[in-house]
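Written below as structure tokens is the structure these notes are about.
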Amino acid sequence: MLAAFLKLLRGARPDEIVWTADVTYWIAGQKQAGTADPAWDTEEGYLRLHEELGIFPYYYYEKFWAAQPRYGGGVEEVTGTEGHKTVRRFRTPVGDLTEESVYSPASCSVGCTKHLVESGGDLAILRYILAHRRLEPASLDDYPQRRRLWEAYDGLPCLGMPRSPLPSLCYEWAGVQNAVYLLMDHREQVVEILDLMEQQEAPIVEAVCALAPPLVHFPDNLSSANLASLYDPYLAGTHQRRIGRLHAAGVKCAVHLDGTVKGLLPKLIRAGFDAIEAITPKPAGDLEIEEIRALAGDDRVILWGGVPGVLFAPPFAWEQMKAHAERLIASWGQGPFVMGVADQVPPDGDIGFCRRIAELARSKAAR
């Protein structure tokens, strides 16, 4: 499927349907249950699992981020865990910021219960932390070697840019609700912080352009319900500037839209993205499969996703998943698309559905 995927990136029509799935959440569930294969912890074992499941290997987070932060100026990051609760602190000469998160065994996931930045007073501390932070390239030196390994399994390893400034503020520092209030009450301070974040990305963008991978991901975890109204004034320009630099180096760009679709899909297409990834239709999202294809309206952009993760778990059965997948192929197959799970196979999902979808995709492509 790698050849077909690269064809899509070049704007050509492939001979087969590219089918991929992020199985890391499902693996986490198997580890918690004690049923995981230890081989999955190795990169090659992880790739063999994809081969067995019939899915295009792409998602991998051990070497995903293209940047790592380094702090100076007396900034110290300290993390401690007790039971299911984790506390992370930034200690600085001008004050401290604290985040609390809790692991839920029932959902095999972590939820933030207290964000680092919660008030206007916290912005000065955040500004100090960022002023004494630099982003260094990561996961780039061995990328060509890893790419050759993944090619042996008919895959391509993903590579993630730093989160764009607004999503970074929302998901890494303040939470969406706090970020919205801060923008309303302290706009100038927040905009200054967003500008500083973008400036710090420059060496990462430069290093990625020099590497020139076929594709990079913008892991912005977007949802129209959260950020559609904030996109044009606070994020569109950043996306356009990044994409322009990367396109000039021959690098294609995908963005992670894993929430509601209606408000942001047209905006992301206008920004110049080559692929919109993790698109989630009903029954989990806000639009039907056919509505998403019509809303995109652009045969240049790759629609990527379409198979909600919820369909892998009860009460859904294979008959419902099969009907959904056939509708997806019939609708999105009219243009460039990657058939993918939106956004992950859940811990209680039927992993056998991956093999059956692979067989279905092959049968449809052969007709």
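The values are calculated or read from the model by the stated rules, or taken from the named source; none is laboratory data. If you're wondering where the values come from, they're calculated on a predicted model, not measured in any experiment. Cβ placement follows ideal geometry from the backbone for every residue including glycine, while neighbour counts extend to all protein chains displayed.
Observations, loosely collected:
- Among residues of the stretch 314-366, those that are part of a helix (DSSP H, G or I) and of a type in the set (Asp, Glu), counted: 3
- Among the residues of the stretch 321-342, those identified as buried (at least 16 other Cβ atoms within 10 Å of the Cβ) and over 23 Å from Ala254 (Cα atoms) are Met321, His324.
- Within the option set Gln199, Gln145, being of a type outside the set (Lys, Arg), assigned to a helix (DSSP H, G or I), farther than 20 Å from Asp220 by Cα and without any contact (Cβ under 8 Å) to a residue 12 or more places away in the chain holds for one residue only, Gln145.
- Taken as a whole, the stretch 106-126 holds at least one residue that is closer than 30 Å to Ile357 by Cα and loosely packed, with under 13 Cβ neighbours inside 10 Å.
- For the stretch 148-176, filtered to residues that are hydrophobic (A, V, I, L, M, F, W, C) and assigned to a loop (DSSP other than H, G, I, E, B), the residue that is farthest from the chain's Cα centre (by Cα) is Ala152.
- All positions within the stretch 290-310 that are more than 13 Å from Leu265 (Cβ to Cβ) and either more than 20 Å from the chain's Cα centre (by Cα) or not in a helix (DSSP H, G or I) (or both): Glu290, Asp299, Arg300, Val307, Pro308
- Condition met for Ile269 (part of a helix (DSSP H, G or I), at pLDDT 95 or above and in contact with a Ser or Thr (Cβ under 9 Å, 6 or more places away or on another chain)): no
- Condition check for Asp274: surrounded by fewer than 15 Cβ atoms within 10 Å (Cβ to Cβ) and within 15 Å of Leu8 (Cβ to Cβ): no
- Among residues of the stretch 193-247, those that are of a type in the set (Val, Ile, Thr), within 19 Å of the chain's Cα centre (by Cα) and either modelled with pLDDT under 95 or under 30 Å from Lys262 (Cα atoms) (or both), counted: 4
- Looking only at the stretch 287-327, residues that are in contact (Cβ under 8 Å) with a residue 40 or more places away in the chain and under 20 Å from Asp15 (Cβ atoms) come to 3 in all.
- Count of the stretch 226-265 residues, restricted to those that are in contact (Cβ under 8 Å) with a residue 60 or more places away in the chain, closer than 25 Å to Leu287 by Cβ, assigned to a helix (DSSP H, G or I) and in contact with an Asp or Glu (Cβ under 9 Å, 6 or more places away or on another chain), is 2.
- Near pairs, Cβ below 8 angstrom, 6+ apart or cross-chain, from the stretch 93-117 (within 27 Å of Tyr128 (Cα to Cα)) to any residue that is in a strand (DSSP E or B) and acidic (Asp, Glu): Cys112/Glu99; Cys112/Glu100; Thr113/Glu100; Lys114/Glu99; Lys114/Glu100; His115/Glu99; Leu116/Glu99
- Every residue from the stretch 177-192 that is surrounded by fewer than 19 Cβ atoms within 10 Å (Cβ to Cβ) and either farther than 14 Å from Arg127 by Cα or within 21 Å of the chain's Cα centre (by Cα) (or both): Gln177, Asn178, Val180, Tyr181, Met184, Asp185
- In the set (1) acidic (Asp, Glu); (2) surrounded by 12 or more Cβ atoms within 10 Å (Cβ to Cβ); (3) more than 23 Å from the chain's Cα centre (by Cα), Glu100 fails one condition alone, (3).
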